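Visitor: Please find one structure pasted underneath; my questions will follow.
Bear in mind these aren't lab numbers, they're just calculated from the coordinates by the rules spelled out. Since we're looking at a predicted model, the values are computed, not measured. As a convention, Cβ positions derive from the backbone with ideal geometry for all residues, glycine included, and neighbour counts pool all protein chains shown.
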Amino acid sequence: MDVLITDDSGFMRDLLREILEEEHNIVGEAENGVEAVELYQQEQPDIAFMDIVMPIKDGIEATDEITDLDPDATIVMCTSVEQAEQMKDSIKAGADGYITKPFQKESVLEEVNSITSG
């Protein structure tokens, strides 16, 4: 499965890549929502991981833009526990699910499997 990772933290992108690259093909990494939308259009990944709080364009705006371009886009939001209100906005914008930081390999892979098999 082709995966796009978006997070303004290089550490978080590295962590997600390490978790996912054994089973999936990482087609790109973005630091903000603007880059995420551009990379999504170029790479057409099967699934995109999207941080919520980022500079320039946040994950909710980017998700909204991506799902407008591709209604079938599969997007998993990456959130801190205290971002519950923003999660609701993410779901409204078209997100399919979410994972919480700090990322745990088992929960990340479970979320991917649950979204892609459902």
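Visitor: Using alpha-carbon positions, what is the distance between the centroids of region 1-46 and region 57-75, in Å?
Guide: Value for the Cα centre distance between the two parts: 14 Å.
Visitor: Using r as the Cβ-Cβ distance of Gln42 and Ser107, and R0 as 25 Å, what FRET efficiency do you calculate, to the nearest 0.05?
Guide: So, using R0 = 25 Å, E works out to roughly 0.30.
Visitor: Next question, about the same structure. Could you list the square roots of 5 times each eigenvalue of the Cα gyration tensor of region 48-118, that is, the equivalent ellipsoid semi-axes, sorted largest first and rounded to whole Å?
Guide: 18, 16, 9
Visitor: Could you calculate the FRET efficiency of Asp14 with Ser117 from 1/(1 + (r/R0)^6), where r is the beta carbon distance between them and R0 is 25 Å, rounded to 0.05?
Guide: Calculated transfer efficiency: 0.40.
Visitor: 7 Å from Cα along Cα→Cβ at both Glu21 and Lys57: what's the point-to-point distance in nm?
Guide: Between Glu21 and Lys57, the simple spin-label model gives 2.7 nm.
Visitor: Let me ask something additional. Would you calculate the convex hull of the Cα atoms in region 2-108 and tell me its volume per residue in Å³?
Guide: Dividing the Cα hull volume of region 2-108 by its residues yields 83 Å³.
Visitor: Which far-off residues, 5 or more places away or on another chain, put their amide H under 5 Å from the one on Ala30, with H placed in the peptide plane?
Guide: Amide H to amide H, under 5 Å and 5 or more residues apart or across chains, Ala30 pairs with Ile5, Thr6, Asp7.
Visitor: What order, most packed first, do the peptides 22-35, 39-52 have when packing is the mean number of other Cβ atoms within 10 Å of each residue?
Guide: 39-52, 22-35
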